[in-house]
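Structure first, commentary second.
Each value in this text was obtained by applying a stated rule to the coordinates, not by laboratory testing. Here the structure is a predicted model, which means the values were calculated and not measured. Every residue, glycine as well, gets a Cβ built from its backbone with ideal geometry; the counts of neighbours run over all protein chains shown.
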Amino acid sequence: MTSFSWDFPNPHVCEVVVSPDDIDALAHTNNGIYVNWCEDTAWSHTRALGLGEAEYQAMDRAMALTQAEYQYLRATREADHLAVGTWITRWDRRLTMERRFQIIDHGSGATVLRARLEFVCIEISTGKPRKPPREFVEIYGPVVLDQPSA
């Protein structure tokens, strides 16, 4: 992988190329496309850790988005090759998790977006906040950058 100036060490990275369908009326990547890339990368990371959609359904638990902040720093254009990196930066193991994203342009090495998302563990069947199952603790715990106190 190309060496980039990542905000945090060891990101989970997905590669994307801006397609013609990603371009808006201002001739650059539509803001919503970045949101989709972040969501896709979060799922890719979660699946790589062993907690995909099927596992969430079987446990009747999921990490549901509660807040999102996107900082759009530079425009990207058709055919730009981008690296979307993500990390779990905080998790209190009771209910909430924070995930960060950084998108870097391969061509310039510049960061084009930073994002911070907050999640809460929910019971899928009711939508209500619930304590994460043991599997979440065992799988997410080791990759959290800011290890919480017990």
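Data table
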| quantity | calculated |
| --- | --- |
| Theoretical gain in end-to-end length, A75 to R94 [0.36 nm per residue, Cα-Cα removed] | 3.1 nm |
| Value at 222 nm in deg cm²/dmol, rounded to 500, when DSSP H runs of n ≥ 4 in the chain each add -39,500 (n - 2.57) | -6500 deg cm²/dmol |
| J(HN,Hα) series, the range 103-118, from Karplus relation 6.51 cos²θ - 1.76 cosθ + 1.60, nearest Hz, glycine and proline x | 10, 10, 7, 4, x, 9, x, 7, 6, 9, 7, 10, 9, 10, 10, 10 |
| Per-pair calculated FRET efficiency, R0 = 30 Å: S19 and I124 via Cβ, rounded to 0.05 | 0.40 |
| Kirkwood hydrodynamic radius (C-alpha pairs) into Stokes-Einstein, the chain, 4 °C and 1.567 mPa s, D in µm²/s | 80 |
| Positive-end residue, the range 12-143 charge dipole about Cα centroid, Cβ charges, pick of Q57, V112, T76 | Q57 |
| Angle in degrees between helix 31-49 and the longest Cα principal axis of the chain, rounded to the nearest 10 | 50 |
| Translational D in µm²/s for the range 1-55 (Stokes-Einstein at 25 °C, 0.890 mPa s, Kirkwood Rh from C-alpha pairs) | 185 |
